[in-house]
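Comments concern the structure below.
The values are calculated or read from the model by the stated rules, or taken from the named source; none is laboratory data. Just so we're clear, the structure is a prediction, and the values are computed from it rather than from any experiment. Cβ atoms come from the backbone with ideal geometry, glycine included; neighbour counts cover every protein chain shown.
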Amino acid sequence: MFRDTSAQDMPLASTRKPRRRRAAWIAAAVVALGLIALGAPRIAGLFSAQSSVSAARLSFATVERGDFTRDIAAEGKVIAAVSPTLYAASAGTVTLKVHAGDQVQRDQVVASIDSPDLSSKLAQEKAALGGFEVDYQRAQLDARRQQMTVQENFDRAQVDQQTAAREVQRSDKAYQEGAYSELSLLRAKDALEKANFDLEHMHKELQLEPEQLRFDVQSKQLARDREQLLVADLQRQVDALSLRSPVTGQIGQLLIAERASVARDAPLLTVIDLSALELEMKVPESLARDLAVGMPAQISGAEHDWNGTVSAVSPEVVNGEVAARVRFAGGTPEGLRQNQRLSVRVVLDQRKDVLMVARGSWLDTEGGHFAYVVNDGLARRRAIRAGASSLSTVEILDGLQPGERIVSSGTDIFNSAPSVVISR
């Protein structure tokens, strides 16, 4: 006989409780409907979001009210406000009188240049000046001699005129008494007329001669003076071969070697005035537009703090930065060295009770016109209006409320989506 499955089936007693199970299902349904009602907006927002980004990839900031300080913080380099460079006044061989780091006084000779060509030219022009001086003195002597000659001729003409006048008187008297012929009287009158003519001519020549002699002497004098100016200029160039320190300070850098041959206007060395030090700092272009001369600054470093003032702001932008100089207030501190690094903080503005949020990459990404506000794991893009900004905070003029959280990191990955899910 074949065995079947009848022995495997066993009837069991029913344990269902219909009423209790129905109540449990009803209660579960009510709770589910309540949860759905409460989370419906959030669920709808999650389903409407265009993308999802992990919170680990983002940073967040909370909007708050407080005191807003707009400042600029940068690292400055100590530089000498007065640091002249000495140049070669002429081509030649340089002899250094100092070494790098030596202390020097104002007008102290720090180097000299040997220029044979310039020295020879000065000697030649001095000799030429001697010749011009002799010519000038000779011209003066000739002028006096010529003046004496003209004066002598005038005196002779005057005597001849007087003699001729007396002769006419004698001839006229003799003619009236019949002792002189009319022809002799006429000859005497002709001689007087000629003497008068000569006297008048010599008188005019006596008047014109000094002016002519003055021109001759002045011509020689101008030639002499021109040569004097040339010699003075060459002497100045020769004196400039001895280079003197323009300030009291310290030798900074030697730009040439000892006994080196240099060309004209070649840089030789620098002198640093350690009594006038300043700080040079680089400021971002976006902040430099509000930086102005005279603003107070705080300088810190080497375990010290100093007050300062912005003394200069460059009008030129280089690599997105603007160079500015800060001067120490109350004199230069001791112990500082050139090119030493110090921290500088310049306060631009201070305001009370300002709505603000931490500054981040979002400000550059959204241009201060939008921000992603985070609520219940969802970041919504909202139009805002940002005001002034400092290195750490941004003033919020409109669009945000205290206590709200925004995405402070870069929002490029959101692709300007209206809403983004922030996943854990």
Go through the residues of region 124-131 one by one and say whether even a single one is in contact (Cβ under 8 Å) with a residue 60 or more places away in the chain, of a type outside the set (A, V, I, L, M) and not in a helix (DSSP H, G or I). no
Conditions (1) surrounded by 16 or more Cβ atoms within 10 Å (Cβ to Cβ); (2) at pLDDT 85 or above; (3) more than 30 Å from the chain's Cα centre (by Cα): number failed by Gln401: (1)
Tell me whether region 387-408 contains one or more residues that are within 27 Å of Leu274 (Cα to Cα) and not basic (Lys, Arg). no
Look at Ser314 and say whether it is surrounded by fewer than 19 Cβ atoms within 10 Å (Cβ to Cβ) and either touching a residue at least 40 places away in the same chain (Cβ under 8 Å) or part of a loop (DSSP other than H, G, I, E, B) (or both). no
Of all residues in region 280-296 being under 26 Å from Asp364 (Cβ atoms) and of a type in the set (A, V, I, L, M), the one that is surrounded by the most Cβ atoms within 10 Å (Cβ to Cβ): Met281
For Asp117, work out the one condition from (1) within 30 Å of Ala379 (Cβ to Cβ); (2) touching a Gly at 6+ places or on another chain (Cβ under 9 Å); (3) at pLDDT below 90 it doesn't fulfil. (1)
Within region 91-127, count every residue that is buried (at least 19 other Cβ atoms within 10 Å of the Cβ) and either touching a Pro at 6+ places or on another chain (Cβ under 8 Å) or small (Gly, Ala, Ser) (or both). 3
Can you pull out every residue in region 317-341 that is touching a residue at least 12 places away in the same chain (Cβ under 8 Å) and touching a Lys or Arg at 6+ places or on another chain (Cβ under 9 Å)? Glu321, Val322, Ala323, Ala324, Gln338, Asn339, Gln340, Arg341
In this structure, is Thr85 among the β-branched types (Val, Ile, Thr) and either touching a Phe, Trp or Tyr at 6+ places or on another chain (Cβ under 7 Å) or within 30 Å of Trp306 (Cβ to Cβ) (or both)? yes
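Could you please let me know if Arg259 is surrounded by fewer than 15 Cβ atoms within 10 Å (Cβ to Cβ) and in contact (Cβ under 8 Å) with a residue 40 or more places away in the chain?
Here the answer is yes, as Arg259 does meet what is asked.
Looking only at region 301-309, decide whether some residue is more than 30 Å from Thr95 (Cβ to Cβ) and hydrophobic (A, V, I, L, M, F, W, C).
Taking every residue of region 301-309 in turn, at least one turns out to be more than 30 Å from Thr95 (Cβ to Cβ) and hydrophobic (A, V, I, L, M, F, W, C).
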Filtered residues of region 70-90 (kept if of a type in the set (S, T, N, Q) and surrounded by fewer than 17 Cβ atoms within 10 Å (Cβ to Cβ)): Thr85
If you go through region 324-365 one residue at a time, how many are in a helix (DSSP H, G or I) and aliphatic (A, V, I, L, M)? 1
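Quick one: which strands (runs of 3 or more DSSP E) lie wholly within region 169-283 and hold at least 3 residues that are among the charged types (D, E, K, R) and within 25 Å of the chain's Cα centre (by Cα)? Steps first, please.
Numbers: elements: 242-244, 249-254, 267-272.
Result: empty, no element qualifies.
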Boolean, Asn307 is surrounded by fewer than 14 Cβ atoms within 10 Å (Cβ to Cβ), in a loop (DSSP other than H, G, I, E, B) and either polar (S, T, N, Q) or free of Cβ contacts under 8 Å to residues at least 12 places away in the same chain (or both): no
Has region 286-298 got at least one residue that is at pLDDT below 85, closer than 30 Å to Ser389 by Cα and touching a Gly at 6+ places or on another chain (Cβ under 8 Å)? no
Residue pairs meeting the criteria (Cβ under 8 Å; at least 6 apart or on separate chains; first farther than 13 Å from Gln151 by Cβ, in region 200-214; second at pLDDT 75 or above and assigned to a helix (DSSP H, G or I)): His201/Ala157; Arg214/Ala143
Check whether at least one residue in region 137-160 is in a strand (DSSP E or B) and within 30 Å of Asp233 (Cα to Cα), and report yes or no. no
When you scan region 346-361, do you find a residue that is closer than 30 Å to Thr248 by Cβ and either in contact with a His (Cβ under 8 Å, 6 or more places away or on another chain) or surrounded by fewer than 18 Cβ atoms within 10 Å (Cβ to Cβ) (or both), even just one? no
